[in-house]
Amino acid sequence: IRDEESGYNKNLFCIPKHYEEDLERVFIPHGLILDRTERLARDIMQDMGSHHIVALCVLKGGYKFFADLLDHIKALNQNGDKSVPVTVDFVKVKSYC
């Protein structure tokens with residue numbers, strides 16, 4: 001996102017009441033995030049070929065994105081020309097430093 005990007009008016013979205021006073025604008029709509037997550041899943045499947053995928057989720061903040069990404073990979077596995085084995089694991093880190 002460029003610095004001069006003004007985002008979208010929050011009135012264009014359904015914002016939960018408990019967030020209404022905290023938000024001024026929406027910079028990245030949820031639909032765009034879902035689209036990019038699906039694109040990432042397609043890129044992963046293409047890059048991995050028929051190799052086994054080991055998916056590692058860093059808890060806590062990454063879980064929702066991780067689950068969405070795996071849902072797209074699972075759908076591609078079920079509906080695509082090939083099926084690639086996927087192993088899922090989780091790690092919890094104390095600090096990112």
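The values are calculated or read from the model by the stated rules, or taken from the named source; none is laboratory data. What you are looking at is a predicted structure, and each value in this text was computed from that prediction instead of being measured. Reconstructed Cβ throughout: ideal geometry from the backbone, glycine too, with neighbour counts over all protein chains shown. All accessible areas refer to the heavy atoms of the entire protein, side chains included, with ligands and DNA or RNA removed. Shrake-Rupley method; radii C 1.70, N 1.55, O 1.52, S 1.80 Å.
Some notes on this structure:
- Under the Karplus curve 6.51 cos²θ - 1.76 cosθ + 1.60, θ = phi - 60°, whole-Hz ³J(HN,Hα) for region 57-71, x wherever Gly or Pro sits: 9, 8, 6, 9, x, x, 4, 4, 4, 4, 5, 5, 4, 5, 4
- Here the 3J(HN,Hα) profile of region 9-24, calculated from phi with Karplus coefficients 6.51, -1.76 and 1.60 at θ = phi - 60°, is 4, 5, 5, 7, 10, 8, 9, x, 3, 6, 9, 3, 6, 8, 9, 9 Hz, Gly and Pro shown as x.
- Accessible surface computed residue by residue for the chain, with neighbouring protein chains in place and a 1.4 Å probe, gives 82 Å² per residue.
- When the solvent-accessible area of region 23-88 is split by element, carbon and sulfur atoms take up 57 percent of it, the probe being 1.4 Å.
- Modelled FRET efficiency - R0 35 Å, Glu5 with Lys74, Cβ distances, 0.05 increments: 0.60
- Three semi-axes of the equivalent ellipsoid, the chain, Cα gyration tensor, whole Å, largest first: 31, 18, 13
- 5 angstrom amide H check on Phe90, placed H, neighbours 5+ away: Cys57
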